[in-house]
Structures are given as C-alpha cells and as structure tokens.
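Structure, as structure tokens:
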Amino acid sequence: MAGQGMVIEVARGKTLLEAALAQGVGFPHDCKVGTCGTCRYRLDDGKISELTSSAMGLSQEQFQAGYRLACQTLPRTDLTITLDTALERTHPVVEVGGRVASQAHLTHDIVELRVDLDEPIRFQPGQYAELLIDGVAAARSYSFANPPHASNASVYFHVRLVPGGQFTGWLFAASRLGQAVTVRGPYGQFGLKPGAAPIVCIAGGSGLAPIKCMLEGASPEARRRPVVVLFGARTERDIYGLDAFEALRNAWEADLTFTPILSAEPAESSWTGRRGLVTDYIQTIPDIDHAQAYLCGPPPMVDAAESALLKAGLTPDRIFADRFFDKSQAAAA
Ligand SMILES: Cc1cc2nc3c(=O)[nH]c(=O)nc-3n(C[C@H](O)[C@H](O)[C@H](O)COP(=O)(O)OP(=O)(O)OC[C@H]3O[C@@H](n4cnc5c(N)ncnc54)[C@H](O)[C@@H]3O)c2cc1C
Ligand code: FES
C-alpha cells in the first residue's frame, strides 16, 4: 500500500491503522474506534472490509468522496490511498510487560501509578498508552505523565477514579503493588508543536498529566516560549501538581505561570485564588490570538475551551486537544 511513497504491510486480521502504527508510520488517529474521523483516508484503489461502517465517523460528503477510516479498515487486496496530511515517522507501537511499582495519591481521587517495564518504551511527551490487566477490563488509555528516561524503564500515569468505572474502580479498591500490567503504545499525536508562539495550556483533572509531561520534556528552545497553564478543578482538594509546576517554572527560561481555577469551591472557604470556569479566564491571557493552545481532560471542558479560544481569535490550526473519552462518552457518541 503506497501513500506519499510509504508502503504499509498489513497482516490478515489487522486494521490499516494498527499496521501503520506498529510500523512506526504516524497515521493520524485519535479515538481508534471509528467515531472521531481523524484517521480518514481516500481509497483510490483496492477492496476493503470494515469492522464498522466508515459512514459512522465521516460526513456524508466525505463518505461519498471515497473517504474511509483506517481504524475500521481490513484490506482485502493491495490498496492505494491518499491522505489529506503528510505522514511522519513515529515510534512504533509495542507491547511491553511490567508491574505496578507504586500507587501514590495525588488527590482524593487521582493516583500516580508507576509501572516498571521489562524494557523501555519510546514515546513523545504528550502521547498515551493502553494499559491491560488480565481479567479486569479491556485496554484503557492513559497519558504518560513523565517524559521518557533513557536510563530507566519506569512509566508514570495519573489515573482519576471514575464512579462506576471498571478499571479505575479496581485500581482504587486496594493496593495493586506487584500486579502484572501490559503497556501498549505509544498512541496519539498530542505534544508540543514547533514554533515561537506563546504556549497556553488548559487542563482539567488528570488532564494535567500530558501537559506536565510535554512541558517537562520540552527542548531548550521551547523553554524560551512564555507559558500560561490554566488548571480547572472543582475544589481545593482537587488541586495537585503545584510542586511539579514550581520546578518547571524555575527551570523555564521565559515566564511560566500555573493557575488553578476552582469551579465548586464553597463561597465561605479560605481560598483566595481564582474561581469559576477555565473558559472565564481565556480572554485575560496576553496575546491569546497569537498563541498555540493545548487542551486536555474531560471532553466537555475541552470542547468549551476550544469554543472560547476560537471566539478569542485563535485559528483551529493553533489548537491541539486531547480528549479523555471514557465508555460513557463513547457509548453516547
Ligand atoms: C486518549 C486518552 C487518554 C486518556 N488519558 C487519561 C489519563 O491520563 N488519566 C485518566 O484518568 N484518564 C485518562 N483517559 C480516560 C481513561 O482511558 C478511562 O476511560 C477512564 O479511566 C475510565 O476507565 P474505567 O475502566 O474506570 O471506566 P469504564 O468502565 O470505562 O466506565 C466509564 C464510565 O462509563 C460508564 N459506562 C460503562 N459502560 C457504559 C456503556 N456501555 N454505556 C454508558 N455508560 C457506560 C461507567 O459507569 C462509568 O461511569 C484517557 C482517555 C483517552 C481516550
Ligand atoms: S481514529 Fe477515530 S475514527 Fe479512526
């Protein structure tokens, strides 16, 4: 299968997207389940079957123009395809065994999970992995919370308890130290983009993980760009990351600010910081219409922040988002 000169070998039973990512081809993707439309390509020649119809994740115009979804595509013959964006090389998706090495509370409902791997996984700060635990749940996605370390094979995740959630319910119910975990990845294309523009990060809850990872893994050039981080949380007990962002602020060459904004802090509490929604403060960010914006966390917050940024004059090509979809939102989609 050729596209911009690239050939992707697809084994029987694998989707086009799985094969591309396993071979280190950075095929655009996001949800991997056929709803977001990010992995669309135009089928120029060849025959496919589909896990679910591509029509589910594409507009009628796109579908009729011959677009299909790589995450749903099982090739039946050689294919020739065209993508709207240039393909880049990326770290291949691998599956590595490991064990839970620590499980420390960051807040009452977010733990930092450290997994010691049998061998290191290579990834770009901002990407995520799938965690698989025998008999607990299907794979669940978690963003790497710390940048990769050449000399050790530990990876860190910030996992928030989701009421009624299978994986997080299991994790929070007891100590899981020593538990075998399979880590599959890296996935996703979230991460710091090149340029000199000011950086605006907006995170909700454990959405802080990829932002922290991305900034901690930033190059010396990127550290000359001013950074504003708005962290949306409900109450004071939901705030975390203060030490990590203080360390980042000290190590950053340009200005870096980290501002928690509380949406449900009782009016009578001693909290003197900002209150309301992160979106209330977007207009106050200096040079917002020239910034690059990075949004992470619950989909409703990310959607609201994206709308507010567009309203503030940012163009869509300067907004990068990582939505932490779970089963309830996937079912609704
Ligand atoms: C790219 C990506 C990155 C992510 N990164 C992180 C991260 O760094 N940190 C983090 O905390 N989370 C992250 N998430 C979310 C994470 O993957 C899980 O979805 C989340 O932890 C919930 O998993 P769970 O097994 O506990 O819940 P699930 O069992 O998946 O259930 C989630 C909710 O859906 C409900 N539900 C279950 N099945 C159905 C159904 N059929 N219909 C309707 N409702 C249903 C449950 O009652 C529950 O309320 C990320 C998600 C994505 C897509
Ligand atoms: S990755 Fe979302 S539709 Fe394929």
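The values are calculated or read from the model by the stated rules, or taken from the named source; none is laboratory data. Note that this is a predicted model, so its numbers are computed, not measured. Every residue, glycine as well, gets a Cβ built from its backbone with ideal geometry; the counts of neighbours run over all protein chains shown. Surface accessibility is based on the protein's heavy atoms, side chains included, excluding ligands, DNA and RNA. Shrake-Rupley method; radii C 1.70, N 1.55, O 1.52, S 1.80 Å.
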Selected residue (only one of A55, A11 is within 13 Å of ligand 2 (Cβ to nearest atom), free of Cβ contacts under 8 Å to residues at least 40 places away in the same chain and open to solvent by 10 Å² or more (accessible area, probe 1.4 Å))
A55
Every residue in the stretch 142-161 that is within 6 Å of ligand 1 (Cβ to nearest atom) and in contact with a Gly (Cβ under 8 Å, 6 or more places away or on another chain), please.
S143, R160
Select from the stretch 14-29 the residues that are crowded, with 19+ Cβ neighbours inside 10 Å and among the small types (G, A, S) and write down the one among them that is farthest from ligand 1 (Cβ to nearest atom).
A19
Determine if the stretch 142-162 includes at least one residue that is over 21 Å from M214 (Cβ atoms), part of a strand (DSSP E or B) and at pLDDT 95 or above.
no
Pairing a residue in the stretch 84-102 that is closer than 30 Å to G66 by Cβ and in a strand (DSSP E or B) with any residue that is of a type outside the set (A, V, I, L, M) and open to solvent by less than 30 Å² (accessible area, probe 1.4 Å), where Cβ atoms lie under 9 Å and the two sit 6 or more apart in sequence or on different chains, gives R89/G24; R89/G26
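Residue by residue, here is whether (1) in contact with a helix residue (DSSP H, G or I) (Cβ under 6 Å, 6 or more places away or on another chain); (2) modelled with pLDDT of 95 or more; (3) under 15 Å from G204 (Cα atoms); (4) open to solvent by 70 Å² or more (accessible area, probe 1.4 Å) holds:
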| position | (1), (2), (3), (4) |
| --- | --- |
| D255 | no, yes, no, yes |
| T259 | no, yes, yes, no |
| I285 | no, no, no, no |
| I288 | no, no, no, no |
| C296 | yes, yes, yes, no |
In the set P220, P210, which member is outside any helix (DSSP H, G or I) and closer than 27 Å to R122 by Cβ?
P220
Within the stretch 68-98, count every residue that is closer than 19 Å to G34 by Cα, hydroxyl-bearing (S, T, Y) and open to solvent by 40 Å² or more (accessible area, probe 1.4 Å).
2
Can you name the number of the only condition in (1) within 15 Å of ligand 2 (Cβ to nearest atom); (2) out of contact with any Ser or Thr (no Cβ under 6 Å at 6 or more places or on another chain); (3) farther than 30 Å from L171 by Cβ; (4) not in a loop (DSSP other than H, G, I, E, B) that R42 fails?
(2)
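Residue-by-condition table, conditions (1) among the charged types (D, E, K, R); (2) more than 9 Å from ligand 1 (Cβ to nearest atom); (3) over 24 Å from S328 (Cβ atoms):
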{"site": "R140", "(1), (2), (3)": "yes, no, no"}
{"site": "G164", "(1), (2), (3)": "no, no, no"}
{"site": "G169", "(1), (2), (3)": "no, no, no"}
{"site": "A209", "(1), (2), (3)": "no, no, no"}
{"site": "A222", "(1), (2), (3)": "no, yes, yes"}
When the residues of the stretch 152-168 are narrowed to those that are open to solvent by 50 Å² or more (accessible area, probe 1.4 Å) and more than 21 Å from G126 (Cβ to Cβ), which ends up nearest to ligand 2 (Cβ to nearest atom)?
Q166
Kindly indicate whether any position in the stretch 109-131 is within 10 Å of ligand 1 (Cβ to nearest atom) and open to solvent by 50 Å² or more (accessible area, probe 1.4 Å).
no
The stretch 169-190 - residue that is without any contact (Cβ under 8 Å) to a residue 24 or more places away in the chain and open to solvent by less than 50 Å² (accessible area, probe 1.4 Å) and, of those, nearest to ligand 2 (Cβ to nearest atom)
G169
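Out of curiosity, is A209 open to solvent by less than 60 Å² (accessible area, probe 1.4 Å), assigned by TED's automatic domain parsing to the domain that holds R323 and within 27 Å of E88 (Cβ to Cβ)?
Considered against the rule, which asks whether it is open to solvent by less than 60 Å² (accessible area, probe 1.4 Å), assigned by TED's automatic domain parsing to the domain that holds R323 and within 27 Å of E88 (Cβ to Cβ), A209 comes out as yes.
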Run K32 past the list (1) surrounded by 21 or more Cβ atoms within 10 Å (Cβ to Cβ); (2) not in a loop (DSSP other than H, G, I, E, B) and report the number of the one that doesn't hold.
(2)
Quick test for you: out of G178, G126, G135, pick the one residue that is assigned to a loop (DSSP other than H, G, I, E, B), at pLDDT 95 or above and over 30 Å from D287 (Cβ atoms).
G178
